[in-house]
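One structure is given below, encoded as structure tokens.
The values are calculated or read from the model by the stated rules, or taken from the named source; none is laboratory data. A quick note: this is a predicted structure, and the numbers were derived from the prediction, not measured. Virtual Cβ from ideal backbone geometry, glycine too; neighbours counted across all protein chains shown. The protein model used for the area step is the full one, side chains on, heavy atoms only, and it has no ligands, DNA or RNA in it. Shrake-Rupley method; radii C 1.70, N 1.55, O 1.52, S 1.80 Å.
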Amino acid sequence: QVQLVESGGGLVQPGGSLRLSCAASGSRFSIYAMDWYRQAPGKQRELVATISSGGSTNYADSVKGRFTISRDNAKNTVYLQMNSLKPEDTAVYYCNADGTYYSGRYYSGSWGQGTQVTVSS
């Protein structure tokens with residue numbers, strides 16, 4: 001099972017930028033589709049962005065054009081570049097690896113511990 005550790009969160013002013021990183025340990029990182037979720041206080045966890053094992057991406061409507069998900073399989077890391085941040089982007093951001101089958105074997109998914117992003121003046 002892959003293990004995930006997020007970093008890069010913090011306090012930023014509206015209109016600013018942050019880049020979150022999610023470092024994975026364990027083998028076979030490249031086979032996983034990877035996601036970024038977020039959870040604001042009192043709200044359900046929501047999917048922000050997804051990148052497939054092949055590099056295809058999808059975004060929530062609320063972040064399209066502002067956030068970019070990418071991955072570096074050589075570094076076992078997935079990133080979330082967040083630009084033009086808004087106060088409503090304030091949340092704990094979580095990295096997730098989707099469980100998947102590969103060469104006849106099931107590789108279970110995993111969640112990171114989360115990193116806080118606060119957008120405030």
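Observations, loosely collected:
- Think of the chain as having a plus end and a minus end, set by charges on the Cβ of Lys, Arg, Asp and Glu; of N73, G99, I51, N73 sits farthest toward the positive end of this dipole.
- Net dipole in debye of the chain [+1 Lys, Arg Cβ; -1 Asp, Glu Cβ; about Cα centre; nearest 20]: 120
- With Cα atoms defining each centre, segment 83-116 and segment 1-64 are spaced 5 Å apart in the structure.
- Heavy-atom accessible surface of the chain: percent carbon and sulfur, 1.4 Å: 44
- Gain in span if fully extended, S120 to S62, counting 0.36 nm per residue against the direct Cα distance: 19.1 nm
- Using a Gaussian network model of the chain in which every pair of alpha carbons under 10 angstrom is joined by a spring, one finds that among Q13, Q81, Q44 the greatest mean-square fluctuation is at Q44.
- Value of Rg/Rh across segment 12-54 [Cα atoms, Kirkwood radius]: 1.06
- For segment 6-59, the list of trypsin sites (Lys or Arg not before Pro) that fall in a loop by DSSP and count at most 13 other C-beta atoms within 10 angstrom reads K43.
- Solvent-accessible area per residue for the chain (1.4 angstrom probe, square angstrom): 52
- Subtracting the Cα-Cα distance of Q113 and L11 from their residue separation scaled by 0.36 nm leaves 34.9 nm.
- Dividing the Cα radius of gyration of segment 33-121 by its Kirkwood radius returns 0.99 for Rg/Rh.
- Sorted from longest to shortest, the spans of the Cα atoms of segment 28-72 along the three principal axes equal 35, 23, 13 Å.
- Residues Q1 and Q39, FRET efficiency given R0 of 22 Å [Cβ-Cβ distance, rounded to 0.05]: 0.50
- The modelled label-to-label distance for the pair S25/N83, using points 7 Å beyond Cα in the direction of Cβ, is 3.4 nm.
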